[in-house]
Amino acid sequence: MKLKIILLSFVLFLVSNELHAQLTFHAYYKFTEVIPNANEPRQYNASILKNKEYVLYTHKVAPSQMEKENLSNSKRLVDDSDFEYKIFMTQDKVHIHDLLQGKDYYFEEEAPEITYEFIDETKEFWNKTAHKATTHFRGRDYVIWYEKNDVHISPWKFQGIPGVVLEAYSTDNIFRWSLERIDTEMKKIKSPFAENLEFLSCKEYSRLTAKDKNQLEINFECKD
């Protein structure tokens with residue numbers, strides 16, 4: 001698939017001036033997840049809104065995926081066709097909206113500290129030189145291919161990569177994010193969560209996620 005990015009030389013000009021304080025980058029990724037007993041990975045449309053203060057990551061089942069599942073008459077245990085997974089990140093907090101066992105939950109945790117190993121290895125993505133990084137995060141190993149850039153854009157919780165992530169995946173091939181395009185917008189990012197919303201703790205998130213996925217334990221490395 002041809003990568004469509006409205007970025008690089010144009011964006012590098014923008015980030016060097018006063019507009020950077022107001023500029024929001026809007027990145028679009030294709031996110032795939034391997035579902036147990038499924039014939040092929042499930043596809044989601046993922047989105048990242050990022051400025052100097054906040055990051056808002058969301059993903060939702062792709063319409064093409066829903067059509068495919070409806071045509072095959074698959075019976076999902078949980079109807080998530082209208083559900084949108086959300087992560088809202090500030091410098092020190094992460095707020096999450098997730099669907100576990102068919103119920104909506106809201107969680108809060110301290111911003112995770114992800115340690116990367118930057119590998120002296122490159123490869124070409126759509127005529128762009130991608131650099132390699134790896135990390136172990138919450139029970140899984142990940143590989144991240146990124147283009148070095150003054151603009152830092154990463155899917156999910158992979159903050160701290162010095163550039164634009166072109167592709168990221170878990171080494172067990174369960175999760176994969178592939179960049180499709182990046183736009184720039186002059187807009188503010190607001191939290192999608194109500195101010196009076198009560199959030200569950202990171203430890204509760206770990207417990208409920210493990211129960212939802214029928215695992216005995218998921219290491220969330222909670223700080224609270």
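The values are calculated or read from the model by the stated rules, or taken from the named source; none is laboratory data. Quick caveat: nothing in here was measured; it's all calculated off a predicted structure. Positions of Cβ are backbone-derived with ideal geometry, glycine not excepted, and every protein chain shown enters the neighbour counts. In case anyone asks, the SASA skips ligands and DNA or RNA and just uses the protein heavy atoms, side chains included. Shrake-Rupley method; radii C 1.70, N 1.55, O 1.52, S 1.80 Å.
Restricting the search to region 146-163, which residues are within 15 Å of Ala46 (Cα to Cα) and of a type in the set (A, V, I, L, M)?
The one that is within 15 Å of Ala46 (Cα to Cα) and of a type in the set (A, V, I, L, M): Ile153.
Condition test on Trp156, is it among the hydrophobic types (A, V, I, L, M, F, W, C), closer than 16 Å to Ala27 by Cα and touching a His at 6+ places or on another chain (Cβ under 8 Å)?
Taking the combined requirement at face value, the residue does not satisfy it.
Take the residues in region 139-157 that are under 16 Å from Val34 (Cα atoms) and at pLDDT 95 or above; name whichever of them is surrounded by the most Cβ atoms within 10 Å (Cβ to Cβ).
The residue in question is Tyr142.
So, of the residues in region 211-224 that are within 21 Å of Ile35 (Cβ to Cβ) and crowded, with 16+ Cβ neighbours inside 10 Å, which turns out to be modelled with the highest pLDDT?
The residue in question is Asp212.
Can you give me the number of residues within region 111-129 that are in contact (Cβ under 8 Å) with a residue 24 or more places away in the chain and open to solvent by 80 Å² or more (accessible area, probe 1.4 Å)? Walk me through how you get there before you give the answer.
Just the residues of region 111-129 that are in contact (Cβ under 8 Å) with a residue 24 or more places away in the chain, to begin with: 111-112, 114, 116, 125-126, 128.
Those left that are additionally open to solvent by 80 Å² or more (accessible area, probe 1.4 Å): 126.
Count: 1.
Filter region 148-157 down to residues that are in contact (Cβ under 8 Å) with a residue 60 or more places away in the chain and not in a loop (DSSP other than H, G, I, E, B), then give me how many there are.
1
Give, as residue ranges, the strands (runs of 3 or more DSSP E) completely inside region 49-110 that count at least 1 residues that are without any contact (Cβ under 8 Å) to a residue 12 or more places away in the chain.
In region 49-110, 103-110 are the strands (runs of 3 or more DSSP E) which contain 1 or more residues that are without any contact (Cβ under 8 Å) to a residue 12 or more places away in the chain.
Within the set of pairs 6+ apart or on separate chains, which have a first residue in region 133-145 that is more than 13 Å from Pro155 (Cβ to Cβ) and in a loop (DSSP other than H, G, I, E, B), a second that is open to solvent by 10 Å² or more (accessible area, probe 1.4 Å) and of a type in the set (D, E, K, R), and C-beta atoms under 8 Å apart?
Arg138/Glu221
Go through region 86-110 and give me each residue that's of a type outside the set (Phe, Trp, Tyr), more than 22 Å from Gly163 (Cβ to Cβ) and open to solvent by 30 Å² or more (accessible area, probe 1.4 Å).
Quick first cut of region 86-110, residues of a type outside the set (Phe, Trp, Tyr) only: 86-87, 89-104, 108-110.
Checking the rest, the ones that are also more than 22 Å from Gly163 (Cβ to Cβ) come to 86, 92-93, 95-104, 108-110.
If the condition is that a residue be of a type outside the set (Phe, Trp, Tyr), more than 22 Å from Gly163 (Cβ to Cβ) and open to solvent by 30 Å² or more (accessible area, probe 1.4 Å), then Lys86, Asp92, Lys93, His95, Leu99, Gln101, Gly102, Lys103, Asp104, Glu108, Glu110 are the ones that fit.
Could you tell me which numbered condition Thr134 fails, if it satisfies all but one of (1) at pLDDT 90 or above; (2) under 27 Å from Leu100 (Cβ atoms); (3) open to solvent by 20 Å² or more (accessible area, probe 1.4 Å)?
Single failed check for Thr134: (2).
Taking only region 158-187 into account, find how many residues are open to solvent by less than 60 Å² (accessible area, probe 1.4 Å), at pLDDT 95 or above, part of a loop (DSSP other than H, G, I, E, B) and not hydrophobic (A, V, I, L, M, F, W, C).
1
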